[in-house]
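What follows is a set of notes on a single structure, which appears directly below.
The values are calculated or read from the model by the stated rules, or taken from the named source; none is laboratory data. Since the model is a prediction, treat every value here as computed from it, not as a measurement. Cβ atoms come from the backbone with ideal geometry, glycine included; neighbour counts cover every protein chain shown.
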């Protein structure tokens, strides 16, 4: 014979469990503690792996940025020699005739080239008249000078360049004694 509830749901009603003994309760609490400890261990391991992955990602990004900068510095150094040659050519430019028109074209190339390097963070040092700094300048001679203080740069033989705050190429200078 089915009860009303069984007839409505079409299922048998599970018998009501008897209250657990204290030994069973303690065993269940121990098992719960073990599962909580295991869950904490898994959570800790997962968090450690997540932190390791974040550090790995940062290291890879930093290494890629350094590799790019290293390659860029190498290329920029090679271009600086070309820029120096263009600068020397413009210092001896013809002022009249066909040579003057040609020199204007060379100057245009020089300005575009300089603008590209500046856009990449390469800037020329201002060394003329400054105090000699071995971190920025390379002295090729020291000369007596009445017009300059000792340690002051008399002339720039070859321009120096910075990329950001880092020296790309030191300026070759003559220094007053």
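Can you name every one of the strands (runs of 3 or more DSSP E) wholly within the stretch 85-174 that holds 2 or more residues which are without any contact (Cβ under 8 Å) to a residue 60 or more places away in the chain, more than 29 Å from residue 69 (Cα to Cα) and under 36 Å from the mean Cα position of the chain (by Cα)? Reasoning before the result, please.
On the way: elements: 122-124, 137-143, 153-158, 161-163, 166-169.
Of the strands (runs of 3 or more DSSP E) lying wholly inside the stretch 85-174, those with at least 2 residues that are without any contact (Cβ under 8 Å) to a residue 60 or more places away in the chain, more than 29 Å from residue 69 (Cα to Cα) and under 36 Å from the mean Cα position of the chain (by Cα) span 153-158.
Taking the stated definitions as given, is residue 13 at pLDDT below 95 and either within 30 Å of residue 120 (Cα to Cα) or surrounded by 10 or more Cβ atoms within 10 Å (Cβ to Cβ) (or both)? When the stated conditions are applied, residue 13 passes them. Between 175, 167, 157, 109, which is on the phi < 0 side of the Ramachandran plot and touching a helix residue (DSSP H, G or I) at 6+ places or on another chain (Cβ under 8 Å)? Answer to the selection: 109. The set of residues from the stretch 88-102 being within 23 Å of residue 156 (Cβ to Cβ) and in contact with a helix residue (DSSP H, G or I) (Cβ under 7 Å, 6 or more places away or on another chain) comprises 89, 90, 93. What tally of residues in the stretch 160-173 results from selecting those that are within 19 Å of residue 88 (Cβ to Cβ) and surrounded by fewer than 18 Cβ atoms within 10 Å (Cβ to Cβ)? Qualifying residue count, the stretch 160-173: 1.
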